[in-house]
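Notes to accompany the following structure.
The values are calculated or read from the model by the stated rules, or taken from the named source; none is laboratory data. The model shown is predicted, which means the values in this text are computed figures rather than measured ones. A quick note on method: Cβ atoms are made from the backbone with ideal geometry, for glycine too, and the neighbour counts reach across all protein chains shown. To get the accessible areas, we keep the full protein, side chains included, count just its heavy atoms, and leave off ligands, DNA and RNA. Shrake-Rupley method; radii C 1.70, N 1.55, O 1.52, S 1.80 Å.
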Amino acid sequence: MNRILVSRQLRARAPQTALSWFTSLNISRSIHGVPFATVEVEEISGSQPAEVLNLVQGKWKNTNRWNTILDPLNGEPFIRVCEVDETGIQPFVESLSKCPKHGLHNPFKAPERYLMLGDISAKAGHMLSLPKVSDFFTRLIQRVAPKSYQQASGEVYVTQKFLENFSSDQVRFLARSFGVPGNHLGQQSHGFRWPYGPVAIITPFNFPLEIPVLQLMGALYMGNKPVLKVDSKVGIVMEQMMRLLHYCGLPTEDVDFINSDGQTMNKLLLEGNPRMTLFTGSSRVADKLAGDLKGRVKLEDAGFDWKILGPDVHEEDYVAWVCDQDAYACSGQKCSAQSMLFIHENWSKTSLLSKMKDLAERRNLEDLTIGPVLTFTTEAMLEHKNKLLQIPGSKVLFGGEPLTNHSIPPVYGAIEPTAIFVPLEEILKDKNYELVTREIFGPFQIVTDYKNDQLPLVLDALERMHAHLTAAVVSNDPLFLQEVIGNTVNGTTYAGLRARTTGAPQNHWFGPAGDPRGAGIGTPEAIKLVWSCHREIIYDVGPVPKQWQTPPST
């Protein structure tokens, strides 16, 4: 009840968007509820558990196997997920097999589907702009992946803007072709963006709406038939979003939605043989999938993301606030979260760290600015802290203790926002490097400092990292920016005084670099890279030259 009251107070302060003609058409249906929804968010509880079904071959279906999800804030079994086991994958295999390699549409086949998907995007984007619908998804996200109302509503906003970006003709513009003159009259070569046909999408828990919607719609735009699997802990969000898309006109047969464990999904991928699989998640699983699927994957895997504060010190309060947001918003459960902070000696002389400590300490469970960690237990994070503290010169800057006065179940983690200082020279030692750069998907970061002549050591530390997702270079010194950017590889790098590691990917590319398997999200370039391949068609219609004769063999 406490959580619900806080949520209502925060919603009252959330920005509201203007109603339009679409609202007037639907207000009679939505005044007592969201028209497509099958759940009431605030009624989901141990006494009234919600249910999540599967969608295959155009029909919502359940099975005899149910997985119970615990409320991450109080441990109640509040959602029942109908999961498919290995014996139940055949309908999904058959559904994928019905889609040809040339897709549901392509530039030569069913081009009206480009227009249809543009219209669906326009309607779905508008639906998410309605306060009642936006609030519904914001609260639903909070229930399964607890984060502040502002952070959850930001996820809905990004999804809305993405859908608006690809409204109307923007979908067909993704399939824009080009032509090159040939060698003789009647010959021209044309390059086209071509779908893969049957594809699979696997997404994590931390952004239960944004990541699956952006990748799903990108797959559909380019002509593919996807099977979508999200983490069962948050599956209810995407199940409700699928119902919204159907409400906006998406044919129910166009996407399959499966709830299963990893082993079952792996079997489906091997038997269903999708032509391409998009995976967002851990590097360990990503590498396994790359081998199992013989490289037919695009990956947005782990992000041990770094930030460097350069030699020029400006706007200390602002930089401290961004560091706090990057490291601890969503309880650090972002693939773009700040994992390591390199502080130039000039910044070490300021009150930056004390201000970061003050900002971290104002986070609390009441407004979910700190909350449960869904992939690490409290014990596991504290054990990692203790191992780091065995490194000479390391120390706790702030945090490092379990949260108190809560009912978060022990299967999840609950610790204070934590920063551990480790000397740069110790980080670079082989015996320490792997431990220090282990990604803890929670409110946990490593902090170190460096002298002006130690920038090569910092760059060496970055070169040895294996995950190159996001990064930030906080400096307005053009020569410093040039040096760091020119010697690093992270796919989404923010540079300048206002640089961050976390951001909204509907307006810029978001994805790793340095790996040919790397996937992007959010932009036309990302959609084309991940969800289509190049096909070249060379027209050669003649005429054959007059008086042509068969030449000698060559």
Placing each pseudo-label 7 Å from Cα in the direction of the beta carbon, ALA513 and ASN405 end up separated by a distance in nanometres of 4.6
Going residue by residue through segment 487-500, the Karplus relation 6.51 cos²θ - 1.76 cosθ + 1.60 with θ = phi - 60° gives ³J(HN,Hα) values, rounded to whole Hz and with x marking Gly or Pro, of 10, 9, 9, 3, x, 10, 10, 9, 9, x, 4, 8, 5, 9
Residue span ARG498 to ARG438: 0.36 nm per residue of separation minus Cα-Cα distance leaves a gain in nm of 19.0 nm
Cα extents of segment 306-495 per principal axis, largest first, Å, are 50, 36, 30
Summing +1 per Lys or Arg and -1 per Asp or Glu among the other residues with Cβ less than 14 Å from CYS99's Cβ gives +2
Output ordering of 529-535, 156-162 (per-residue mean of other Cβ within 10 Å, highest first) is 156-162, 529-535
Residues whose built amide H sits under 5 Å from the amide H of VAL56, excluding neighbours closer than 5 in sequence, are LYS61, PHE257
For LYS61, the lysines lying under 21 Å Cα to Cα, once residues fewer than eight places off in the same chain are dropped, come out as LYS98, LYS225, LYS229, LYS233, LYS267
If R0 = 51 Å, then ASP477 and SER177, at their Cβ-Cβ distance, give a FRET efficiency to the nearest 0.05 of 0.70
A chain fully extended from ARG80 to LYS546 at 0.36 nm per residue, minus the present Cα-Cα distance, gains in nm 160.3 nm
Placing +1 on each Lys and Arg Cβ and -1 on each Asp and Glu Cβ in the chain, then taking the dipole about the Cα centre, the residue among PHE166, ALA499, PRO181 whose Cα reaches farthest towards the positive end is PRO181
Long-range amide H partners of SER148, meaning residues 5 or more apart or on another chain whose placed amide H is closer than 5 Å, are CYS330
Residue by residue through segment 42-56, the couplings from Karplus 6.51 cos²θ - 1.76 cosθ + 1.60 with θ = phi - 60°, in Hz, x for Gly and Pro, are 6, 8, 5, 6, x, 7, 10, x, 7, 10, 10, 9, 9, 10, 8
For LYS298, counting only aspartates and glutamates whose alpha-carbon sits under 20 Å away and dropping same-chain residues fewer than eight positions off, the answer is GLU210, ASP231, ASP256, GLU271, ASP287, ASP515, GLU525
Taking a crude spin-label model, label points 7 Å out from Cα along the C-beta direction, the GLN57 to LYS98 distance in nm is 0.7
As straight-line cross-link partners of LYS161, the qualifying lysines (C-alpha separation under 22 Å, not fewer than 8 residues apart within one chain) are LYS123, LYS132, LYS147, LYS334, LYS528
For segment 286-378, the Kirkwood Rh over every pair of distinct alpha carbons, in Å, works out to 15.5
For segment 232-364, the percent of all C-alpha pairs falling in each 5 Å bin, from 0 up to the bin holding the max distance, is 2, 8, 13, 13, 13, 11, 10, 9, 9, 7, 4, 1, 0
Placing each pseudo-label 7 Å from Cα in the direction of the beta carbon, ALA110 and LYS387 end up separated by a distance in nanometres of 5.0
Note on segment 306-495: contact order normalised by length, alpha-carbon pairs under 8 Å, 6 or more apart, percent, works out to 28
Out of MET465, THR488, ASN386 - ranked by how far each Cα lies towards the positive end of the dipole of segment 306-495, with unit charges on the beta-carbon of charged residues - the top one is ASN386
Once phi for every residue in segment 307-315 is put through the Karplus expression 6.51 cos²θ - 1.76 cosθ + 1.60 (θ = phi - 60°), the whole-Hz ³J(HN,Hα) values, with Gly and Pro written as x, are 9, 10, 8, x, x, 8, 9, 9, 6
Descending packing, highest mean Cβ count within 10 Å first, for 459-466, 494-501, 226-233 is 226-233, 494-501, 459-466
Net charge near GLY197 (other residues with Cβ under 9 Å of its Cβ; Lys, Arg +1; Asp, Glu -1) is +3
Amide H neighbours of HIS468 at under 5 Å, excluding residues fewer than 5 places away on the same chain, with H built from the backbone geometry, are ALA513
Mean Cβ-within-10 Å packing, highest first, puts peptides 274-281, 263-270, 36-43 in the order 274-281, 263-270, 36-43
Summing +1 per Lys or Arg and -1 per Asp or Glu among the other residues with Cβ less than 9 Å from TRP66's Cβ gives 0
extent check for the chain: Cα max minus min per principal axis, descending, whole Å, gives 86, 64, 48
With the 8 Å Cα cutoff and a minimum separation of six or more residues, the chain has a relative contact order in percent of 16
Using a 1.4 Å probe on heavy atoms of the protein chains only, the accessible area for ILE202 in Å², nearest 10, reads 20
